[in-house]
Amino acid sequence: MQMRLREYFHQSKHLSDTVTRRNLLDKMSPQLAGEVALQVNERWLRRVWFLNGAGREFVVQIALQLEAMVFTIGEVINNGYLYIINRGIALFGGRVLTAGAIWGEDMLLDSQWLVTKHCARAMTYLEVYTISRDQLMDAARLFPQTIAHLRRCAIRLAIRREFIRLSKLELAEREASMGLGTVEKDYLISRMLDKASGLEPLRRDS
């Protein structure tokens, strides 16, 4: 435990820098604090697709509310938040995410069946910036045009997720109706690939 604690505080030493910056921002005027926060976090926020077109004032509020966190190796990270990786590696939905990557954009969605059930896992010590859905929506309420923009983004994401969900259901129903097992599915996939590549299909008994 002593070794783990020493390693954690060594890896999370940048959090004290974040607290220092936060204290400095609190001593500035609101306008200046917003400009500084945006300047510091702009390179991360530009990667969040639904913030494009959301309005500069709203993005400034998000920059002010970003919180820094550190997760240990192997730690499972809860859904319901937007995460931006500052340093480290995470595994999410079969994808390897590195510095600059984001996940959790479906925090915009109200329909829980469209929200991914995958949780990210830290593969190394993972430094992230994060913001919750409640913080995002509370900031958006100050900007009516931003509310409309986020609603459009949520609808677009929901439609895409629904198409994917229905496609998976249809595929599962087809496989069930055909009574395909793993071997049969692999054989049909091989036949389709051979046909697409112009090769002679393999015989079933080969």
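The values are calculated or read from the model by the stated rules, or taken from the named source; none is laboratory data. Remember, it's a predicted structure, so these values are computed and weren't measured experimentally. Because the Cβ atoms are built from the backbone with ideal geometry, glycine has one as well, and the counts that use them run over all protein chains shown. Just the protein is used for accessible areas: all its heavy atoms, side chains included, with ligands, DNA and RNA removed. Shrake-Rupley method; radii C 1.70, N 1.55, O 1.52, S 1.80 Å.
Here are the numbers for this structure:
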| read-out | value |
| --- | --- |
| Solvent-accessible area of ILE159 with every protein chain in place, 1.4 Å probe, in Å² to the nearest 10 | 90 |
| Size of charge dipole - the range 99-177 - debye, nearest 20, with Cβ of Lys, Arg +1 and Asp, Glu -1, no other charges | 160 |
| Net charge, GLY34 excluded, C-beta distance under 11 Å - Lys, Arg +1, Asp, Glu -1 | -1 |
| Sequence of VAL128, VAL36 from largest to smallest accessible area, 1.4 Å probe | VAL36, VAL128 |
| For ARG121, solvent-accessible area (1.4 Å; no DNA, RNA or ligand), Å² | 110 |
| Exposure ranking of HIS149, HIS118 by accessible area [1.4 Å probe, largest first] | HIS118, HIS149 |
| Accessible area of ARG6 in the full protein assembly, 1.4 Å probe (Å², nearest 10) | 150 |
